[in-house]
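Asker: My structure is below; once you've seen it, I'll send some questions.
The values are calculated or read from the model by the stated rules, or taken from the named source; none is laboratory data. Note that the structure is predicted; figures quoted are calculated from it, not measured. Glycine also receives a Cβ, built like all others from the backbone with ideal geometry; neighbour counts cover every protein chain displayed. Heads up: the accessible areas ignore ligands, DNA and RNA and are worked out on the full protein's heavy atoms, side chains in. Shrake-Rupley method; radii C 1.70, N 1.55, O 1.52, S 1.80 Å.
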Amino acid sequence: MTAERADPGTAAGVAPGRRLVVCAPLLPEARAVRPGVGDGGEVRVTGYGPDRARRQAGRLREETFGALAVAGTGGGLTDDLAPGDLVVATEVSDGTTVTACPSAPLLAGELRRAGLATRTGPVVSVGRLAGGRERARAAHPGALAVDLESAWLAEAAGGRPVAVVRAISDTPQRPLLSPAALAGGLRALRSLRAAGPALRRWAAAAGQRRVLLAGPRSFCAGVDRAIEIVEKVLERQGPPVYVRKQIVHNTHVVADLERRGAVFVDELTQVPDGATVVFSAHGVSPAVREEAGRRGLVAIDATCPLVSKVHAEARRFAADGYLVALIGHAGHEEVEGTLGEAPEAMALVETAADIAGLRPPDPGKVAYLMQTTLAVDEAEEVASALRERFPAARAPGSDDICYATTNRQQAVRAVAAESDLVLVAGSANSSNSVRLVETAQRAGVPAHLIDGPADIQLGWLAGVSTIGLSAGASAPPAVVGEIIAALAGLGPVEVNERVTTTESIRFSLPKEVRSP
Ligand code: SF4
């Protein structure tokens, strides 16, 4: 196979230093990927096998380009891969040299959103096909795919953004020389064709950036405490440990604890009689505690003390004969738990419009409380509308919106003022994380909630030079690190932090899990 020259007219209008070069070892692979890459890059046939890959890499090292991608078919190394699946390399290795591809989660996320079955993991390049798969599986137990070129081609990126996408043509169950191989090859080429536009967007997102970290961000004292409680119970009793509802609203935290033996249930009926159950950080109503008592369950309470404080206020106001308006979001576990403290004396108020519907027996005895994770400015608007209708309305003794929510909103506002885009790490059901996104948006900056780097849409990054980055109170600090690492795979990233306040609050553990 001879190396094909670049299409005249490709990468038109792109400065040489920003040019995308896509290396496709074989002509059918280049033909598959080229339409999608379009004029966003130059697709070249680099030739079959390690020798041609090494020669092409030598030429590439002499050239000026901005990003390098390798796109071709490959052999699947694990039983769960099927022909047509895409593998985006997190690293490529020839057994000696390893080239990292840190932007892999970004590209993989883009491919999944395009409907393509995509995995991320190591790719291994071997010297020859015969027996190569077996050798690769033996020598690289974690590798997902094997090929004959990627490691040498990728090395030529020399620190510039690099991506390797291999479409699986053959698998351990459908080896290369089987009758099913032709169909597998065709499916792989179809997937490569569909991957072309994502490669173009990946290259368009490449560039140097600044990341402004909001401080404080990530775990608060209540979340730290709740996770530690489950860990301690796991340590003392061993798995399984039942937890009613998600301990905190974050997919990573929940998945990690599940791996270690926690079993998350929606209702106590799913917990065996006599077992230990942990109540989540969002709190529970008295009815749930009573049910646990009736069932003989050993309940350990991970409710955040600041949520418990709101519960106590609800009980106090209700006992004093007040109608208690709870400003919050319907359906949130914390709201359900707080309303359950005095259901007959409480009413949920989501917006200022709901205030007209309040019918207190005594208009002089109205009080209000707030969900702990609301947006400070929005909640205050509702509270002031309530005070307007009921001038004697009693406010909570101290702010219900907790210190962590308030501090993170203040910090995200500070970075938004200097950013072109704000990203907030957090799960979709995390109220305080969603409020951070809204806070940044109200500051006039495009802002998005992401559970991790794979949720970043590459189109958001085009033309963006400063990214503000925060994380909700339930999002692990490690996710912030993963996001920065992935962004750094698109080009040099300068990371600065804007600290608006520091936090030193810690909550003590419940007696059941305290060390003796
Ligand atoms: S966000 Fe606030 S109320 Fe919720 S767990 Fe953290 S400190 Fe407690």
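Asker: Got a number for carbon plus sulfur as a percent of the chain's accessible area, 1.4 Å probe?
Answerer: Answer for the chain: carbon and sulfur cover 53 percent of the accessible area.
Asker: List the residues, sorted by chain then number, that are 5 or more residues from Ala347 or on another chain and whose placed amide H is less than 5 Å from its amide H.
Answerer: Val324, Ala325, Leu326
Asker: With each pseudo-label sitting 7 Å past Cα toward Cβ, what's the Ala287-Ile505 distance in nm, one decimal?
Answerer: Computed distance between label sites Ala287 and Ile505 equals 2.9 nm.
Asker: Divide by every residue of the chain the summed helix terms, -39500 (n - 2.57) for each DSSP H run of at least 4, and state the resulting mean residue ellipticity at 222 nm, rounded to the nearest 500 deg cm²/dmol.
Answerer: It comes out at -11000 deg cm²/dmol, rounded to the nearest 500.
Asker: Same structure, new question: For region 448-509, which GluC sites (Glu not before Pro) pass both filters: DSSP loop (anything but H, G, I, E, B) and at most 16 other C-beta atoms within 10 Å?
Answerer: Of the GluC sites (Glu not before Pro), the ones in loops of region 448-509 whose Cβ has at most 16 other Cβ atoms within 10 Å are Glu503.
Asker: With every protein chain kept in place and ligands, DNA and RNA left out, what is the accessible area per residue of region 311-442? Probe 1.4 Å, answer in Å².
Answerer: I get 40 Å² per residue for region 311-442.
Asker: Out of all DSSP beta bridges with both ends in the chain, state the antiparallel percent to the nearest 5.
Answerer: Of all bridge pairs located within the chain, approximately 10 percent are antiparallel.
Asker: For Cys220, tell me the accessible area in Å² from a 1.4 Å probe, rounded to the nearest 10.
Answerer: Estimated to the nearest 10 Å², Cys220 gives 20 Å².
Asker: With a 1.4 Å probe and all protein chains kept in place, how much accessible area does Thr251 have, in Å² rounded to the nearest 10?
Answerer: Probe radius 1.4 Å; accessible area of Thr251 about 70 Å².
Asker: A follow-up question, please. Modelling each spin label as a point 7 Å along the Cα-to-Cβ direction, I'd like the Arg18/Val464 distance in nm, to one decimal.
Answerer: Using points 7 Å along Cα→Cβ, the separation is 1.7 nm.
Asker: What ratio of Cα Rg to 2.2 N^0.38 Å holds for the chain?
Answerer: Cα Rg divided by the expected 2.2 N^0.38 Å: 1.17.
Asker: With everything on Cα atoms, drop me the angle between helix 431-442 and the longest principal axis of the chain, reported from 0 to 90° to the nearest 10.
Answerer: Computed tilt is about 70 degrees.
Asker: Lysines near Lys245 by alpha-carbon distance under 30 Å, same-chain residues fewer than 8 away left out - which ones?
Answerer: Output for Lys245: Lys232, Lys309, Lys511.
Asker: If DNA, RNA and ligands are ignored and the probe is 1.4 Å, what is the ranking of His252, His448 by accessible area, most exposed first?
Answerer: Result of the area sort, largest leading: His252, His448.
Asker: Would you mind getting the accessible area per residue of region 191-285, heavy atoms of the protein chains only, 1.4 Å probe, in Å²?
Answerer: Normalised by residue count, the accessible surface of region 191-285 is 36 Å².
Asker: Still on this structure, please answer the following. Using a 1.4 Å probe on the protein heavy atoms only, what accessible surface does Trp202 show? Give it in Å² to the nearest 10.
Answerer: 0 Å²
Asker: May I ask you to rank Asp362, Asp399 by accessible area, largest first, using a 1.4 Å probe over the protein chains only?
Answerer: Accessible-area ranking of Asp362, Asp399, largest first: Asp399, Asp362.
Asker: With a 1.4 Å probe and all protein chains kept in place, how do Glu313, Glu333, Glu350 rank by accessible area, largest first?
Answerer: Glu350, Glu333, Glu313
Asker: Using a simple charge model, +1 on the beta-carbon of Lys and Arg, -1 on the beta-carbon of Asp and Glu, nothing else, what dipole does region 262-362 show about its Cα centre, in debye to the nearest 20?
Answerer: That gives region 262-362 a dipole magnitude of about 220 debye.
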